[in-house]
Amino acid sequence: MTYFKDVDTGNIVRKPDESMHLEYSFKGSCGWIITEPNSSYEREYWLGEGRCCLFNITEEEATKEIASWNEFLIERQILTARECYLFGDDTLYISLHDDSDIFVCHLKNKSWTKRESSSFWDSWDSAPYLFVPISNEEAVKLISSL
């Protein structure tokens, strides 16, 4: 995967391996958005046209930037998360580490929210059987299928 930063907007753009499209994300988005075929990102990447705003960055730099937005989790963060739980068939709860907010992925409407960890663990205490532990890899697969 190749990553870029749009120096005009601060968006992170990526080109997945083995694909013919680009994806971008920005602070406030709920994940990766596939670009339209004639977007400025597509024109700049494929044709060398556009605003000349995309600069190569490493995956680590992209990951760090997105993590600083604190809006949604990327694959690397999910794979290294402390715990993942499935609630029903449409809500994932992901705990990155002790005492951090819990990231909640709503699979049906493809959105992310956060919940205070104390609030989550209070719910857990009252009905732990509702939260099914799943592997980090399973969580990534569920989110990738969105």
message: Per DSSP helix of 4 or more residues, -39500 (n - 2.57); summed, then divided by the residues of the chain. What does that give at 222 nm, rounded to the nearest 500?
response: -6500 deg cm²/dmol
- request: Give the accessible surface of the stretch 1-69 per residue, rounded to a whole number of Å², with probe radius 1.4 Å and ligands, DNA and RNA excluded.
  value: 59
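Would you mind getting me the FRET efficiency between ARG43 and ASP99? Use the beta-carbon distance for r and R0 = 30 Å, nearest 0.05.
0.10
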- prompt: With labels modelled as points extended 7 Å from the Cα through the Cβ direction, what inter-label distance (nm, one decimal) is found for SER29 paired with PHE55?
  reply: 1.9
- request: Calculate, in nm to one decimal, what MET1 and LYS110 gain on full extension: separation in residues at 0.36 nm each, minus their alpha carbon distance.
  value: 37.0 nm
field: Accessible surface of the chain [probe 1.4 Å, protein heavy atoms]: carbon and sulfur percent
entry: 50
statement: Once SER123 and THR91 are pulled to full extension, the length gained, defined as 0.36 nm per residue separation minus their Cα-Cα distance, is 10.1 nm
field: Charge dipole (the chain, unit charges on Cβ, about Cα centre) - positive-most of SER29, ILE134, SER145
entry: SER29
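Only four residue types carry charge here, +1 at the Cβ of Lys and Arg and -1 at the Cβ of Asp and Glu. Report the dipole size of the chain about the Cα centre in Debye, rounded to the nearest 20.
I would put it at about 240 debye.
The values are calculated or read from the model by the stated rules, or taken from the named source; none is laboratory data. All values derive from a computational prediction rather than experimental measurement. Note that we place each Cβ from the backbone using ideal geometry, even for glycine, and neighbour counts take in every protein chain shown. We work out accessible area using only protein heavy atoms, side chains counted, and drop any ligands, DNA or RNA first. Shrake-Rupley method; radii C 1.70, N 1.55, O 1.52, S 1.80 Å.
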